[in-house]
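S.K.: Can you keep this structure in mind? I'll have questions shortly.
Derivation of every value follows stated rules applied to the coordinates shown; laboratory data play no part. As the structure is a computational prediction, the values presented were derived from the model and not from experiment. All Cβ positions, glycine included, derive from the backbone under ideal geometry; neighbour counts span all protein chains shown.
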Amino acid sequence: MTNPPAQQQPYPGETGPMDPQPRDEMASYVGRGLLEGKTALITGGDSGIGRAVSVAFAKEGADVAVGYLSEDADAEHTADLVRREGRRCELIRGDVADEAHCTAMVERTVRELGTIDVLVAHAATQAPVDDFAELTTEQLRRTYEVNVFGVFWTLRAAAPHLASDASVIVTGSVNGLRGNKSLIDYATSKAAVMNLVHSLAQHYMDDGIRVNCVAPGPVWTPLIPATLEKDSVEGFGGQAPMGRAAQPDEIAPSYVFFASNKLSSYYTGEVLAPTGGEIQAG
């Protein structure tokens, strides 16, 4: 991937204006039936990593419910990609910062698709600050309502509906592992949900439900030009040891690995960190 030029767009961001276009359709990915007959709910599934995961799951045989905030065109395109694989796709619009919406999203998934075999809590938001003293209570609440409360509410609502061998996957971040001097509330919110993974993995051990985390490094998605200043977007990802950001298609196979009991039956409470070569302790 060529490191991107300076650019910016309104929040929450769309794929269309991005330069270069992200690789997020899993075009060269060949499924092996790893999720045949399964159903998945993916929050933040309209674009970027969420889109790539939605398509990969469909190629592996799963029906998919895609939760998204307001990016209708991106969501419709993702649904089209899933349906091209002969799988069902339900689009569920709304804000995971709303507890009632999280419950309704889960209930609609179960009503339309049946049980939930795979739950991916991916929806998140971020907003950098130059000075910690400038971090407003409004921003702090919004970040935590989306990134932490939304994950808690979605997982709690889904718990009674999870299949006996279900897989829960939470999206963390390299920033949750090592902090970030300008994405302070975002980094701490990701640390919180990564600890939730460790806790729920223990909680559900005897039930056969596995709970894991994917914690990527820099990935070229609409959230980047929608939340960072132009100068920060220019060359985004160049700080990674590989010298570039990841494409969403490069991250999605991590979710397939955790989703499939054939591949990861002995994995729970784990954090898989595709960071482009940044070595993590632990």
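S.K.: Can you go through E250, E229 and tell me which one is of a type in the set (D, E, K, R) and over 21 Å from A52 (Cα atoms)?
M.R.: Among E250, E229, only E229 is of a type in the set (D, E, K, R) and over 21 Å from A52 (Cα atoms).
S.K.: Answer yes or no: is there a residue in the range 230-239 that is within 26 Å of P128 (Cβ to Cβ), touching a Gly at 6+ places or on another chain (Cβ under 6 Å) and crowded, with 21+ Cβ neighbours inside 10 Å.
M.R.: no
S.K.: For the range 147-158, name all the residues that are touching a Leu at 6+ places or on another chain (Cβ under 9 Å) and hydrophobic (A, V, I, L, M, F, W, C).
M.R.: Scanning the range 147-158 gives V148, V151, F152, L155, A158.
S.K.: Something else: Of the residues that sit in the range 127-177 and are of a type in the set (S, T, Y) and not in a helix (DSSP H, G or I), which one is farthest from the chain's Cα centre (by Cα)?
M.R.: T136
S.K.: Go over the candidates D117, D74 one by one and state the one that is under 23 Å from V170 (Cα atoms), surrounded by 16 or more Cβ atoms within 10 Å (Cβ to Cβ) and in contact with a strand residue (DSSP E or B) (Cβ under 7 Å, 6 or more places away or on another chain).
M.R.: D117
S.K.: Still on this model: Just give me the residues in the range 250-273 being under 26 Å from W220 (Cβ atoms) and not in a helix (DSSP H, G or I), in sequence order.
M.R.: Of everything in the range 250-273, those that are under 26 Å from W220 (Cβ atoms) and not in a helix (DSSP H, G or I) turn out to be S260, E270, V271, L272, A273.
S.K.: List the number of the failed condition for G86; all other conditions in (1) at positive phi; (2) crowded, with 19+ Cβ neighbours inside 10 Å hold.
M.R.: (2)
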